[in-house]
1. Over the stretch 34-80, what per residue volume does the convex hull of the Cα atoms give, in whole Å³?
2. GluC sites (Glu not before Pro), restricted to the stretch 1-39: which are DSSP loop and have at most 12 other Cβ atoms within 10 Å?
3. 5 Å is the cut-off here: which amide hydrogens, built 1.01 Å from N in the peptide plane, fall below it relative to ALA51, excluding neighbours closer than 5 in sequence?
4. Once the whole set of protein chains is in place, how much accessible area is left on GLU3, using a 1.4 Å probe, in Å² to the nearest 10?
5. About its Cα centre, what dipole magnitude does the chain give when the only charges are +1 on Lys and Arg Cβ and -1 on Asp and Glu Cβ, stated in debye to the nearest 20?
6. Each residue of the stretch 43-51 in turn: what ³J(HN,Hα) in whole Hz from Karplus with 6.51, -1.76, 1.60 and θ = phi - 60°, glycine and Pro shown as x?
7. With the cut-off at 17 Å, report for the stretch 1-52 the share of all Cα pairs above it, as a whole percent.
8. Amide H to amide H under 5 Å from LEU44: which residues, 5+ apart in sequence or cross-chain, H placed 1.01 Å off N in plane?
Amino acid sequence: GEEPLEAARRELAEEADLVAAHWEPLVSSWTTPGGNDEMIHVFLATGVSAASAAHDREDEEADIRTEWVALSDAVDAVLSGRMHNGILTIGVLAAERVLAAERRATAGE
């Protein structure tokens, strides 16, 4: 019942101890078409900064490791087969496309 944007904000804070000033919907996708009705919503978060407090991690969250990676490096990793997570793949490729279009628009192309 949680709104997708609120869930995205919560997940960013819980899993990476980050908050974002701006949120843009990127893409929505069924996780397993024909198998279930779970829909994921991917957002582009910008103006990212540290959360005011770190989230207390338990269970599967306890092993989460965060690392900043250039978007171009993430795209290369997806396309070369080094990153296999489907949701990550959707998000990385959608973010690259949206940001490239924004750069072209800003440059007047």
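The values are calculated or read from the model by the stated rules, or taken from the named source; none is laboratory data. Every value quoted in this text rests on a predicted model; they were computed, and no experiment measured them. Reconstructed Cβ throughout: ideal geometry from the backbone, glycine too, with neighbour counts over all protein chains shown. Protein only, heavy atoms only, side chains kept; ligands, DNA and RNA dropped before computing areas. Shrake-Rupley method; radii C 1.70, N 1.55, O 1.52, S 1.80 Å.
1. It is 185 Å³ per residue.
2. GLU2, GLU38
3. So ALA51 has HN proximity to LEU18, VAL19.
4. 120 Å²
5. 620 debye
6. 10, 9, 9, 10, x, 7, 8, 5, 5
7. Pairs farther apart than 17 Å: 40 percent.
8. Under 5 Å from the amide H of LEU44: GLU24, LEU26.
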